[in-house]
Each structure stands twice: as structure tokens, then as C-alpha cells.
């Protein structure tokens, strides 16, 4: 079940990105983009997938626990991933302009794979 859910979330995010990119083809400004977060609860487990800076939180005993990691170019690991894929980060922004390092759509800022994190 766990691997199936992981694969389903990953494929769902990849397909959504492809649909965003398909809809934006031919648009004057290259279309738009979006961030997203999805949480699935199965058998007492919480599966969380996100892209961009949409955040999932779990409130437990009056405390908020962050379940997702923001995809921001200000994170050292994200900046490294972007640079290794041939892009650059300037002013904590992808190519000096986009404040998230992964998103649906936003074709002009795509550097490497726009893969979600699943935790």
C-alpha cells in the first residue's frame, strides 16, 4: 500500500505539471504556475506530497508540526539542485525571479525535474 500511494502521488503531481504546461503552450507570457500540497491518511499514516511553498501542518497537543518542506531556492539543497541542473539562484530566486524552486507550470523557470517531495 505504501509504495502504491507514494507512486500514485508522484504520478499525480507529474501529470498535473504536464497538464499545466500543455495549457500554457502558445500563451503570450508562458502561462502561469501554482504550488500545491496534498495529505492522505491511510491506516494511521499521513502521506504528504507538496510542490512549491504550500505547507502541510499537523496540530497535536496544541502544537503545530510541519509535515512538508518548502521548495525555496533559499534552501542550500534546493540551490545546489538548481545549479547542478544548469540554472542559477540570485537574490534567493530561481533565475533571479521566481521565489519557489518547484511548481506546477512556470515553464520558463523549469530547471531539472519539478518533482514533488513525499513524506
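The values are calculated or read from the model by the stated rules, or taken from the named source; none is laboratory data. Here the structure is a predicted model, which is why all the values come from computation and not from measurement. Virtual Cβ from ideal backbone geometry, glycine too; neighbours counted across all protein chains shown.
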Flagged pairs (Cβ under 8 angstrom, 6 or more apart or on separate chains; first in the stretch 2-23, touching a residue at least 60 places away in the same chain (Cβ under 8 Å); second surrounded by 14 or more Cβ atoms within 10 Å (Cβ to Cβ) and assigned to a helix (DSSP H, G or I)) are 21/107
Could you check how many residues of the stretch 99-119 are over 13 Å from residue 32 (Cβ atoms) and modelled with pLDDT of 90 or more? 3
Would you be able to say whether some residue in the stretch 77-88 is touching a residue at least 24 places away in the same chain (Cβ under 8 Å) and touching a strand residue (DSSP E or B) at 6+ places or on another chain (Cβ under 7 Å)? yes
Go through the stretch 17-38 and count every residue that is in contact with a strand residue (DSSP E or B) (Cβ under 6 Å, 6 or more places away or on another chain) and surrounded by fewer than 16 Cβ atoms within 10 Å (Cβ to Cβ). 2
Looking only at the stretch 56-63, decide whether some residue is surrounded by 12 or more Cβ atoms within 10 Å (Cβ to Cβ), without any contact (Cβ under 8 Å) to a residue 12 or more places away in the chain and closer than 30 Å to residue 3 by Cβ. yes
